[in-house]
Amino acid sequence: MLNVVTGKTGQGKTTLCLERYRSVLMENMQAGEIGQTLWITPTHRSARQLVFELFDDELQVCFEPGVVTFDQFAEKLLRMSNVQASMLKPDQQRMLLRQIVEDAMQARELRHFQKVAGTSGFVNLLARFISELKREETWPETFRKTLNSRPESFKDEELCRLYERYQDKLLEWGKYDSEGRFWLARELLAQGNWTAFPKLRYVVVDGFTDFTSTQYAVLGALAGHADEIDVTFPHDPHDDREDLWVKPLRSMQTLCKHARKSGLKVKESILASSTEKRHSHKQIGLSVVNDMLFGNLRRLVPAKDSRGLDLVAASGSRTEIRETARRVKSLLLAGVSPQNILVTSRDLLQSAPSIEDIWTDAGIPYCVDLSRAVSSLPLAKSMSALLNVSTHDWSYASIKKLLTQTSGKFNRAGQRAGVTLQILRHLNLRQNRQEILAGLQSMVTRADSNSVIETTSLETALETLSELDENLKLFQKKRSYSDFVRQLIATAHEFFVSESEENSIREEEASEWDLIVGLLSDASAFQDQLLPEKQKSIDLSTFLKWLEELFHTQVVPARRATAGEVQILNASDARHLKVDHLFVMGLQEGTFPASAENQPFYSEQERQNWIELGVQLEHRTSQYLDEMQFFYRLGTRATTNLTLSYSYVSSKGQPQYASPFYQAVKTLFQKSTHVETQVEQLSPIPTAETLLTAEDVRLLAVQNMSESKAGLLSWLISQQSSSAQMHSLLAAVRMNGSRFEEYGFTRYEGQLQEARIRRTVAEHYHREYTFSASQLEQYASCPFQFLLKRVLKIEPQVAPRLETDYRKRGNIVHDLLARLHETEMRQLLDEDPSGKGQLLSRKFLELLQEKAGTLFAGSDLQKAIDEIETELISEWAELYQSQSSSYVDRFDPDWEHELEPRFREISFGRTRENDDDWDWGSEPTQELDAVIFGNDETPIRIEGRIDRIDVGRAQERNIFAIIDYKTGNPPSFKESDVSRGTQLQLALYTIAVIRLNLLGPDATPWLIGYWGMKEKGFDPRFVNKRKKKLEPLGEAFVEFWSEELDRILPQMIQALREAQFPVVNPNQDCTSYCPYNRVCRVNQVRVVADSLEKQWTIFDLPVTEETNSPENEIEKE
């Protein structure tokens, strides 16, 4: 007999059935009979809760309670009946549909879906559409027959064909999907096959509001086989909330109609509607929600009592999560069991990271019961990253991801990963496996003691990447999916599982390994079955696409909450559970009711047309009713307290509104009840009353300390768990105090004071140390950058990229000009007798082509860029010809000998201590001793490399010009900048030539300056350019700058050896281009520079003028 039990939610339908079910179970146990009861419930979670509630003092043991979901019922029926078909897993269904779609694309059968059929989203929609058809038992034959009643359409035909082929494959292989499982179960029951349930005394179907057509048939069969069956529906004929009950009422009527048509006896029971009895165990506020939510607003009388109900409007999602955590923690501290608390959210996946962050810090035991994609697992990420190195042709980004973001052997092998990436950045090896490995091999082969990069670092990088290459080579041949998987598993075990740690691997990691290996093994074997014989082998890119799609679409089972943990669920999983204290978060607009989801392939009008033809597709008109029933069922699950909350400020700071359903609850109560609480957290500093997390305690302790209340901070320091953290915090406080309260620069702004550190710096820059002009200029311009780059050797983390290599361009031009001026200037400027232009420009081009043929190599794209570079430099040939003519025109005709380039790329004081200052691409033509500045007590050794020295003779003495080539914009500066140490190069080189006695004791400088290759050529400095005829520098220049450099250089080096590296820079825009701007706090110093006298001077004049900028960077020494 079929008993239909109806009543409002919370009226006692489940309790009544549970008492009867327990009684029958006990009778069967006393009679020695088991397996004669069956309870069908919507979800696994509701099944667990029912089993828990089933036991009491009388029923303490039960071997087979018989509480199952519909899926479990159908699966047991098929298993016990020895059905030959097997279940098609979700990943197998996707692969089958993907293969069917690809076959149709290759056969050019898809015209309507041609552009989208190859996407992952199309397969998702196709799977949803087929599932939708099957739930209402629309077979492919029915769908095909209905097409005859519709206008001819490529879309209809293609969908029907794909559906037919999918179902044909299932029948051919003896498989069934989740919907087909119910079809087979229904057929077995129709045939009278009750092997799994030979005798059923009592059956309960509880917690549902509607059923599919197949489920209706199964229920009819159960009603005919069982002695008695109770089916409950949330409905009350005396309740005027028609919209709320319309769907369960329709389902109840359909079930009764099916049963009576089958000749079954149907009894309808309506539970008593006594409000006093029904809600005797509930708070008044909850009873109001039960009885009045979604009722007629015209007849609504707002309640005066809201006890048991709390509405929370929070100023942000994190504030909302904090408030929920605070209330949960209060319940736990009051003795409420975690099992009696349930927290839900409509979109738990989005809020889960914030929940985990806040709740963990608050010390609340919890479990986020949420399934996650396999792609979120570290091992899956590592496997994907490994293969992406190969498919992305060894891009720097893919190598970095593998070496740093995966738990692999490279991370366990000391500094291998860091050294390898550092080498790739230094050499700008951006991509291309062959280029990277060949380049490293060449560098290792040619490396010597003169190399800028340490040989051991090069060898480490080459060893690491060669080992990676050997493993990736194993994936280059075409093979089957199963073979790829076997190789991937073997390689992943070597790379990502440490042999020495294998026996002590964590249980979580072991289960992760087993899950992924099992998934890949089963999925690859099935995928191989799908491939035609001629396509049994696939390439790596195809396999990787398959692998990543598999990882993204398959999920890891959610972890169950253990005893003592508060359970946090998606709202859809919580609506069938009864709990004392229920929290529903995230009730802003768009959650209840949910934003309408586009149904696959057909518009609402088209779906209505299908429905009229007998094909039952889902229609949006019923969505609002479904959402209403969903929210009502969720909101009536609490028995003691219900808390609904939303955030009225979005993550972008925009206002957002509460859900209409939240507002519907709010209107049930008078304003005087203060049912809604606004929670704002405008200040990050908590009060003593709002303390929640460990972070809150730390913040309050610091706040108290600023008010001379150190008790809380002292207590935190005394605690072992927070002692180290609080000592770090105190160090930060001391640092800020020094920065923003002490006068002058402190140790926290580069003014190092530790004796040991200062001694180490002084020993490094010892008396015999030789300094370059660029070192001194950098120290004077930005001491802190000098500390980072020169002393600490910290490299900016800039990824290799395809761009113009200005350093390479400068090296080529310098080398070209050095070779070009092996010929005398006048000879170069003479006309070529063959009439092919002047010799200088022609020889420039010849040398450039020779140089380009040996230097330019790499990927095709890099070669193309280098060819553009060659063309650009070649355009400078005629320009240089013109510049040289203008330069020669400056010569005085009364000179005894005109200036000629005598010295090219000449080095003095060259040492191996300062390799970072040199580019050893070409050898100097001459090497001389270092030049000494200062005095006998404080000698300063200077080294350098002069691009070109032109020498002539006038008035019976040698004259010379110093030229420094610039392929970019030559720097502009004043003579005062030289005295401040920020532009020393030209003055240093001039005095160096004199002190080296290169040209005799009476040599005097004519002009010194820069030669701008892309501008006007020679640009003299230290002269009055307003005069038509430039005056030579002469002896006065040498005398003045000799004394000046002897004065300022010892002062600079003394400050350096005293470890003075203050955070100061005269260029106010320095942070816009400096590669160290993320670790520099110069802008903080500037705010208090005047008030706290944070000014740095190493000479008589402070560094205040703007003298260094991106355009003024020295390109080459």
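The values are calculated or read from the model by the stated rules, or taken from the named source; none is laboratory data. Please read these numbers as outputs of a predicted model, since none were measured by experiment. Reconstructed Cβ throughout: ideal geometry from the backbone, glycine too, with neighbour counts over all protein chains shown.
How many residues are of a type in the set (D, E, K, R) and touching a helix residue (DSSP H, G or I) at 6+ places or on another chain (Cβ under 8 Å) when one looks only at the stretch 759-786? I'd like the intermediate steps shown before the answer.
Taking the stretch 759-786 as the starting set, the residues that turn out to be of a type in the set (D, E, K, R) are 759, 763, 767-768, 777.
In the following step, the residues that additionally are touching a helix residue (DSSP H, G or I) at 6+ places or on another chain (Cβ under 8 Å) were identified as 777.
So the count comes out to 1.
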- Query: Given the structure, is Ser511 of a type outside the set (A, V, I, L, M, F, W, C), within 26 Å of Ser375 (Cα to Cα) and without any contact (Cβ under 8 Å) to a residue 12 or more places away in the chain?
  - Reply: yes
- Task: Taking Glu763 as meeting all but one of (1) exposed (fewer than 12 other Cβ atoms within 10 Å of the Cβ); (2) among the acidic types (Asp, Glu); (3) not assigned by TED's automatic domain parsing to the domain that holds Lys1094, write down the number of the exception.
- Result: (3)
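Mind counting the residues in the stretch 585-599 that are surrounded by fewer than 19 Cβ atoms within 10 Å (Cβ to Cβ) and modelled with pLDDT under 85? Can you show your working first?
So in the stretch 585-599, the residues surrounded by fewer than 19 Cβ atoms within 10 Å (Cβ to Cβ) come out as 589-590, 593-598.
With modelled with pLDDT under 85 added as a condition, the list becomes 594-598.
Adding up the residues that qualify gives 5.
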- Task: Go through the residues of the stretch 230-237 one by one and say whether even a single one is closer than 24 Å to Ala185 by Cα and part of a helix (DSSP H, G or I).
- Result: no
- Query: In the stretch 633-658, which residues are crowded, with 22+ Cβ neighbours inside 10 Å and hydroxyl-bearing (Ser, Thr, Tyr)?
  - Reply: Thr636, Ser645, Tyr646, Ser647
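Against the condition out of contact with any His (no Cβ under 7 Å at 6 or more places or on another chain), touching a residue at least 60 places away in the same chain (Cβ under 8 Å) and surrounded by 17 or more Cβ atoms within 10 Å (Cβ to Cβ), how does Leu520 come out, does it pass?
Numbers: out of contact with any His (no Cβ under 7 Å at 6 or more places or on another chain): yes; touching a residue at least 60 places away in the same chain (Cβ under 8 Å): no; surrounded by 17 or more Cβ atoms within 10 Å (Cβ to Cβ): yes.
So Leu520 does not fit the description; no.
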- Looking at (1) part of a loop (DSSP other than H, G, I, E, B); (2) more than 30 Å from Gln215 (Cα to Cα), which is the one condition that is false for Glu64? (2)
- Query: Does the stretch 82-97 contain at least one residue that is assigned to a helix (DSSP H, G or I), over 19 Å from Gln527 (Cα atoms), touching a residue at least 12 places away in the same chain (Cβ under 8 Å) and among the basic types (Lys, Arg)?
  - Reply: no
- Message: I want to confirm something. Restricting to the stretch 1004-1041 and keeping residues that are within 16 Å of Gly968 (Cβ to Cβ) and small (Gly, Ala, Ser), which single residue is nearest to the chain's Cα centre (by Cα)?
- Response: Gly1012
- Task: Run down Leu370, Leu348, Leu377 and say which single residue is surrounded by 14 or more Cβ atoms within 10 Å (Cβ to Cβ), more than 30 Å from Leu427 (Cβ to Cβ), at pLDDT below 95 and touching an Asp or Glu at 6+ places or on another chain (Cβ under 7 Å).
- Result: Leu377
- Task: Identify, by number, the condition in (1) at pLDDT below 90; (2) touching a helix residue (DSSP H, G or I) at 6+ places or on another chain (Cβ under 9 Å); (3) surrounded by fewer than 19 Cβ atoms within 10 Å (Cβ to Cβ) that Leu244 doesn't meet.
- Result: (3)
- Can you pull out the residues in the stretch 98-126 that are closer than 21 Å to Phe526 by Cα and touching a helix residue (DSSP H, G or I) at 6+ places or on another chain (Cβ under 6 Å)? Arg98, Gln99, Ile100, Ser120, Val123, Leu126
- Message: Just to verify a result, which residue in the stretch 21-43, among those that are among the charged types (D, E, K, R) and more than 54 Å from the chain's Cα centre (by Cα), is modelled with the lowest pLDDT?
- Response: Glu33
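Go through the stretch 1025-1075 residue by residue and tally those that are surrounded by fewer than 18 Cβ atoms within 10 Å (Cβ to Cβ) and in contact (Cβ under 8 Å) with a residue 60 or more places away in the chain. Steps first, please.
Keep residues of the stretch 1025-1075 that are surrounded by fewer than 18 Cβ atoms within 10 Å (Cβ to Cβ), which gives 1025-1032, 1034-1036, 1039-1040, 1042-1044, 1046-1047, 1050-1051, 1054, 1058, 1068-1069, 1071-1073, 1075.
When the remaining residues are screened for being in contact (Cβ under 8 Å) with a residue 60 or more places away in the chain, the result is 1030, 1032, 1044, 1046, 1050, 1054, 1058, 1075.
Total satisfying the criteria: 8.
Looking for something under 53 Å from the mean Cα position of the chain (by Cα) and modelled with pLDDT of 85 or more - is there at least one such residue anywhere in the stretch 884-901? Lay out the reasoning, then the answer.
Taking the stretch 884-901 as the starting set, the residues that turn out to be under 53 Å from the mean Cα position of the chain (by Cα) are none.
No, every residue in the stretch 884-901 fails to be under 53 Å from the mean Cα position of the chain (by Cα) and modelled with pLDDT of 85 or more.
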- Message: Every residue in the stretch 19-36 that is closer than 25 Å to Pro248 by Cα and either surrounded by 21 or more Cβ atoms within 10 Å (Cβ to Cβ) or touching a Leu at 6+ places or on another chain (Cβ under 7 Å) (or both), please.
- Response: Tyr21
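Quick one: is Glu187 modelled with pLDDT of 90 or more and either more than 52 Å from the chain's Cα centre (by Cα) or surrounded by fewer than 21 Cβ atoms within 10 Å (Cβ to Cβ) (or both)?
Working: modelled with pLDDT of 90 or more: yes; either more than 52 Å from the chain's Cα centre (by Cα) or surrounded by fewer than 21 Cβ atoms within 10 Å (Cβ to Cβ) (or both): yes.
It is true that Glu187 is modelled with pLDDT of 90 or more and either more than 52 Å from the chain's Cα centre (by Cα) or surrounded by fewer than 21 Cβ atoms within 10 Å (Cβ to Cβ) (or both).
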- Quick one: would you say Glu356 is within 25 Å of Ser651 (Cα to Cα), touching a strand residue (DSSP E or B) at 6+ places or on another chain (Cβ under 8 Å) and surrounded by fewer than 16 Cβ atoms within 10 Å (Cβ to Cβ)? yes
- Message: Just checking, does the stretch 287-302 include any residue being free of Cβ contacts under 8 Å to residues at least 24 places away in the same chain and among the hydroxyl-bearing types (Ser, Thr, Tyr)?
- Response: yes
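Here is a yes/no grid of residues against (1) assigned to a helix (DSSP H, G or I); (2) of a type in the set (D, E, K, R); (3) surrounded by 15 or more Cβ atoms within 10 Å (Cβ to Cβ):
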{"position": "Ala664", "(1), (2), (3)": "yes, no, yes"}
{"position": "Ser672", "(1), (2), (3)": "yes, no, no"}
{"position": "Thr677", "(1), (2), (3)": "no, no, no"}
{"position": "Asp696", "(1), (2), (3)": "yes, yes, yes"}
{"position": "Ser708", "(1), (2), (3)": "no, no, no"}
{"position": "Ser714", "(1), (2), (3)": "yes, no, no"}
{"position": "Ile717", "(1), (2), (3)": "yes, no, yes"}
{"position": "Ser721", "(1), (2), (3)": "no, no, no"}
{"position": "Ala724", "(1), (2), (3)": "yes, no, no"}
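This table checks each residue for (1) of a type in the set (D, E, K, R); (2) more than 20 Å from Ser120 (Cα to Cα); (3) outside the structural domain of Arg479 (by TED's automatic domain parsing).
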residue: Ser524; (1), (2), (3): no, no, no
residue: Thr542; (1), (2), (3): no, no, no
residue: Glu548; (1), (2), (3): yes, no, no
residue: Glu565; (1), (2), (3): yes, yes, yes
residue: Asn570; (1), (2), (3): no, yes, yes
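Yes or no: Asp626 acidic (Asp, Glu), more than 30 Å from Glu158 (Cα to Cα) and not in a helix (DSSP H, G or I)? Please lay out each step first, then the result.
Details: acidic (Asp, Glu): yes; more than 30 Å from Glu158 (Cα to Cα): yes; not in a helix (DSSP H, G or I): no.
For Asp626, the condition - acidic (Asp, Glu), more than 30 Å from Glu158 (Cα to Cα) and not in a helix (DSSP H, G or I) - is not met.
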- Query: Which residues, counting only those in the stretch 1076-1088, are assigned to a loop (DSSP other than H, G, I, E, B) and in contact (Cβ under 8 Å) with a residue 12 or more places away in the chain?
  - Reply: Tyr1076, Val1079, Cys1080, Arg1081, Val1088
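Among the listed residues Leu730, Leu752, identify the single one that is at pLDDT below 90 and either of a type outside the set (D, E, K, R) or in contact with a strand residue (DSSP E or B) (Cβ under 9 Å, 6 or more places away or on another chain) (or both).
Working: Leu752 fails: at pLDDT below 90.
Selected residue: Leu730, the only one of Leu730, Leu752 that is at pLDDT below 90 and either of a type outside the set (D, E, K, R) or in contact with a strand residue (DSSP E or B) (Cβ under 9 Å, 6 or more places away or on another chain) (or both).
Please go through the stretch 256-265 and give me each residue that is surrounded by 12 or more Cβ atoms within 10 Å (Cβ to Cβ) and either without any contact (Cβ under 8 Å) to a residue 12 or more places away in the chain or out of contact with any Phe, Trp or Tyr (no Cβ under 6 Å at 6 or more places or on another chain) (or both), ordered by number. Before you say what the answer is, go through the steps one by one.
Filtering the stretch 256-265 down to residues surrounded by 12 or more Cβ atoms within 10 Å (Cβ to Cβ) leaves 256-260, 262, 264.
Passing the criteria: Cys256, Lys257, Ala259, Arg260, Ser262, Leu264.
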- Message: Can you confirm whether Leu682 is under 33 Å from the mean Cα position of the chain (by Cα) and in contact (Cβ under 8 Å) with a residue 40 or more places away in the chain?
- Response: yes
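Would you be able to say whether some residue in the stretch 554-571 is within 26 Å of Asp243 (Cβ to Cβ) and outside any loop (DSSP other than H, G, I, E, B)?
So the first thing to find is which residues in the stretch 554-571 are within 26 Å of Asp243 (Cβ to Cβ), and the list is 570-571.
Those left that are additionally outside any loop (DSSP other than H, G, I, E, B): 570-571.
Yes, that holds for at least one residue.
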